[in-house]
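Input: a single structure, listed below in structure tokens.
Only the coordinates and a few stated rules stand behind these numbers; no lab work does. Note that the structure is predicted; figures quoted are calculated from it, not measured. When we count neighbours, we look across all protein chains shown, and the Cβ atoms used for this are built from the backbone with ideal geometry, even at glycine.
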């Protein structure tokens, strides 16, 4: 996107959420009207002038002319690289293959966006819950202790066990808040970095047992299956092999972690010749996804296996994944509320206790 103007970059961000409908519209126009791609771009740049679609259509029209009518190159940097990697391969099958490829991209885009929205919502709620919990455990005790000292001027030796415990906790927080805060910030920064970059034996374990990493793996696996389903279908006289499909993914802009997972599969292909489905039992697919893929592949081949498995995942596993994410959203939110409520109860108890301590002090 470095060669895009500021207006074009803003258009890319706004257009992203409507790209699935755009793919379908393009496919329908190409099939039913027999219009040329350049004609559609030029028409859209006029019809939608000033809107994200109009701004990008003008850019695509110029690129389409400059690069020799290469659609994927015209869209490069303005639509997701992993979706364009599919188009780069399939457009070699001829113009007749492009409409069906665009429909597949529309299906993939909708599913991926739906899962991504669920993941981001869960992460947002998790961050909110963490903020509530940290605020309740660190800020509220300090305010409560200061308020108790100001309203009831009695020696600490007269405080009860609840108030004394709160005072001790407040002193502990004041002593360690800076180093713990720095450590927490570093930890969160590392977790964010690790999602796309952490590889190796430790990540193998994390992808299986830690909810966050398992969630990222499952979302990526769904997109991977749909991508391979599209790439391995025969269109015109072109049909990608497994190795070609995987290599096309490595050439797109993917994370270091996803690159590592693809390379694991390519290594298995080099060892086995890609004669069995075992090359995909490399950690990216969950066991449920893998066994479904293997069962279909044994009877109908890889192309059908990817298609059937991706349909199964879209119809069955994705709704379950989203429901699981919904569970974690509520669990995290309730945890934050519980921490806040628990601290409020502690403060209330300390307040009642201090009233009794004040009466004893004045006797």
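Remarks
- Between 0 and 90°, nearest 10: helix 161-197 axis offset from the chain longest Cα axis: 10 degrees
- Helix axis angle, 97-151 relative to the chain longest principal axis, alpha carbon, degrees: 10 degrees
- Convex hull volume per residue in cubic angstrom - Cα atoms of the range 271-362: 111 Å³
- Relative contact order [Cα under 8 Å, 6+ residues apart], the chain, whole percent: 23 percent
- Most mobile listed residue (34, 70, 197) in the chain, GNM with C-alpha springs under 10 Å: 34
- Taking a ≥ b ≥ c as the square roots of the eigenvalues of the alpha carbon gyration tensor, the range 7-54 is oblate, as a/c is not under 1.5 and a/b does not beat b/c.
- Relative to the dominant Cα principal axis of the chain, helix 52-66 is inclined by about 40°.
- Efficiency of FRET from Cβ geometry, residue 3 and residue 175, R₀ 56 Å, rounded to 0.05: 0.60
- Contact order normalised by residue count of the range 101-248, Cα under 8 Å, 6+ apart, percent: 27 percent
- Label-to-label distance, residue 195 versus residue 210, with points set 7 angstrom from Cα along the beta-carbon direction: 1.3 nm.
- Residue of 122, 78, 175 that the Gaussian network model of the chain assigns the largest fluctuation, springs spanning Cα pairs under 10 Å: 175
- Options (i) 5, 20, 30, 26, 15, 4, 0; (ii) 5, 19, 23, 19, 13, 9, 7, 4, 1, 0; (iii) 5, 22, 26, 19, 14, 9, 4, 1, 0 - which one matches P(r) over Cα pairs in 10 Å bins from 0, in percent as calculated here: (ii)
- Residue with peak Gaussian network fluctuation, the chain [Cα springs, cutoff 10 Å], from 252, 28, 157: 157
- For the range 6-79, the relative contact order comes to 32 percent (Cα pairs under 8 Å, sequence separation of at least 6).
- Cα-based radius of gyration for the range 106-242, normalised by 2.2 N^0.38 Å, reads 1.75.
- Rounded FRET efficiency, nearest 0.05, which uses the C-beta distance separating residue 34 from residue 185 and R0 of 56 Å: 0.45
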